[in-house]
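The values are calculated or read from the model by the stated rules, or taken from the named source; none is laboratory data. Treat the numbers as computed from the prediction; the structure is a model and nothing was measured. Cβ: placed from backbone, ideal geometry, glycine included. Neighbour counts: every protein chain shown.
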Amino acid sequence: MSNRVTLTRRNFLRFGAATAGMAALAACAPAAPSAAPAAGGSAAAPAADTQVVVEAWAHWEQGLQWLEDAMNNYGFFEENPHISLNKIVAPFAEIHDKMLAAVSSGVGVPDIMRVEQGRAAAFFKGDEVGFSDLTDLIGDRLNDLVLGSAVDYWSWQGAIYGIGNEVNACALAVRKAVFDEIGIETPFATWDDLREAGAALKAEKNMSVISFHDLHSGDFQIMLFAAGGLMFDENGDFGGINDLGKEILEYQRSMIHDLEVASIAPVTGDATWAPPIYWEAFRQGQIATTMGAPWHNGKVGRDDKIGPGQEGEWFLQPLPAGIGAGIPTATHGGTSVSIPKGAQHPEEAWKVIEFTHLTEAVLEDAIQRGITPSYKPVLDHPVLNEPYDYYDGQVIGELYMELAEQMPRIYQSPWAPEFHTAFQNIVLTPVLQDNRSDYDQLFGELEVELQRIKSL
């Protein structure tokens, strides 16, 4: 069966034309040189001198290439021969800093910017957000999106400034084979079950049941979201200074230091999440589970992760319950497509975004990169629901479809990077690395630093 899907003209006309709200975008930028499309269909092909080049920026090549491939493979260019895409790629920090400077000065602004969720906060500082509000353009199709992954990271004070195309539904990847060998039943219903299994695993195989990051707040945030908590509240304030935060920290600390059934995640330098040294620990049989979004553990058999050698030994399960609300998933990570204020071609930029994110053309990134799309109407597509040999033939798409329906909603914060760093330095690292458990003292120091950050 071919992995390609042809977008029909009927579906294109249903999802492809976006006229509502265009006046608002056009008011923020110079008039686009191309003719506006007629209601319910595409504009007639303009003359050559009215060709529109939509400039798009991102921090990795495939993040723009899949957009162009989707436009080519699913019929966008046939319907819009006057539009082309100019792809600009630069390193992560450089491209985000350049974007921030562009929207601040109004000079050199692209038409589309891919904004990584960890850098979105910088654009929410000050009196005016540097991106166009997409809320009205998306309209009722918000119901077609998994909002916790698709829009929440790029939303502030009720407005949506970007769309992410990935369902970053977190799950627990379990090396079932090693637990089968010692008679431990999986999946794990609760975090207590995981802890008890860890004691047996340590005794029988000298393996850690899980590793927790002490230099990255991702594990804490995933568990906090799954417990029904918020990393940031609706005002952007830090949401982990409470009993729920203490319970999660104590669970991780005790697993590492008291019971010695978990380990600190092996990382190096500035690569504090999952560099090669992290996955090497799994290849060497040192760690038996890992939690994260599909981009992290959805395809652990890829060469850039565990790679060949453990086929059929793993499976994916919902996050365990037993702490707080016990939501079986969380959201983690993602990158938007956003339209900067001052873009030269906002209408055409929206046509690109709408086509690639709000039609089945979003499957192009799933085919290329193995992600699960945040556009719900395609989640039952065969390309997303094929058995995965590494997970012993499990149809992981079915799990992600189930988790997508239970995705918690979250908030972004203008101070997110600074708050994450403060939490890591003042609380997380001392707890997990230094075995501190004086949470009230640590939280008190953190509150002082958070207030200092907000005052800058």
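Among the residues of the range 385-398, the ones that are within 18 Å of the chain's Cα centre (by Cα) and surrounded by fewer than 22 Cβ atoms within 10 Å (Cβ to Cβ) come to 0 in all.
Pairs are defined by a Cβ separation below 7 Å, a sequence spacing of at least 6 or placement on different chains, a first member in the range 236-263 that is without any contact (Cβ under 8 Å) to a residue 60 or more places away in the chain, and a second member that is of a type in the set (V, I, T) and not in a helix (DSSP H, G or I); the pairs so defined are S263/I287. Step by step: first the residues of the range 169-213, then only those that are among the hydroxyl-bearing types (S, T, Y) and within 25 Å of the chain's Cα centre (by Cα), then the one that is farthest from M407 (Cα to Cα). Which residue is that? The selected residue is S211.
When restricted to residues that are β-branched (V, I, T), assigned to a helix (DSSP H, G or I) and surrounded by fewer than 20 Cβ atoms within 10 Å (Cβ to Cβ), the range 192-248 contains 0. Regarding the range 418-426, can at least one residue be identified that is among the aliphatic types (A, V, I, L, M) and over 18 Å from V146 (Cβ atoms)? Yes, some residue in the range 418-426 is among the aliphatic types (A, V, I, L, M) and over 18 Å from V146 (Cβ atoms).
When A56 is tested against the conditions (1) more than 15 Å from A349 (Cα to Cα); (2) surrounded by 22 or more Cβ atoms within 10 Å (Cβ to Cβ); (3) touching a strand residue (DSSP E or B) at 6+ places or on another chain (Cβ under 7 Å), the lone failure is (1). Give the residue that is surrounded by the fewest Cβ atoms within 10 Å (Cβ to Cβ), with candidates limited to residues of the range 121-141 that are assigned to a helix (DSSP H, G or I) and at pLDDT below 95. Here the residue is A122. Scanning the range 70-88 for residues that are in contact (Cβ under 8 Å) with a residue 60 or more places away in the chain and more than 21 Å from the chain's Cα centre (by Cα) yields M71, N73, Y74, G75, F76, E79, N80, I83, L85. Of all the criteria given as (1) more than 13 Å from the chain's Cα centre (by Cα); (2) closer than 27 Å to R302 by Cβ, the one not satisfied by R119 is (1).
Please specify each residue of the range 425-442 satisfying the condition of being in contact with a helix residue (DSSP H, G or I) (Cβ under 7 Å, 6 or more places away or on another chain) and either under 15 Å from F238 (Cα atoms) or in a helix (DSSP H, G or I) (or both). Answer for the range 425-442, where residues must be in contact with a helix residue (DSSP H, G or I) (Cβ under 7 Å, 6 or more places away or on another chain) and either under 15 Å from F238 (Cα atoms) or in a helix (DSSP H, G or I) (or both): I426, V427, L428, P430, V431, L432, Y439, L442. Across the range 148-191, the number of residues qualifying as part of a helix (DSSP H, G or I), more than 18 Å from A330 (Cβ to Cβ) and in contact with a strand residue (DSSP E or B) (Cβ under 7 Å, 6 or more places away or on another chain) comes to 1. For the range 286-315, filtered to residues that are over 18 Å from the mean Cα position of the chain (by Cα) and of a type in the set (A, V, I, L, M), the residue that is farthest from A199 (Cα to Cα) is I306. With respect to (1) buried (at least 22 other Cβ atoms within 10 Å of the Cβ); (2) under 18 Å from the mean Cα position of the chain (by Cα); (3) assigned by TED's automatic domain parsing to the domain that holds A227; (4) part of a helix (DSSP H, G or I), the lone exception for F419 is condition (2). When you go through (1) among the aliphatic types (A, V, I, L, M); (2) under 19 Å from the mean Cα position of the chain (by Cα); (3) not in a loop (DSSP other than H, G, I, E, B) one by one for I410, which number turns out not to apply? Going through (1) among the aliphatic types (A, V, I, L, M); (2) under 19 Å from the mean Cα position of the chain (by Cα); (3) not in a loop (DSSP other than H, G, I, E, B) one by one, I410 breaks only (3).
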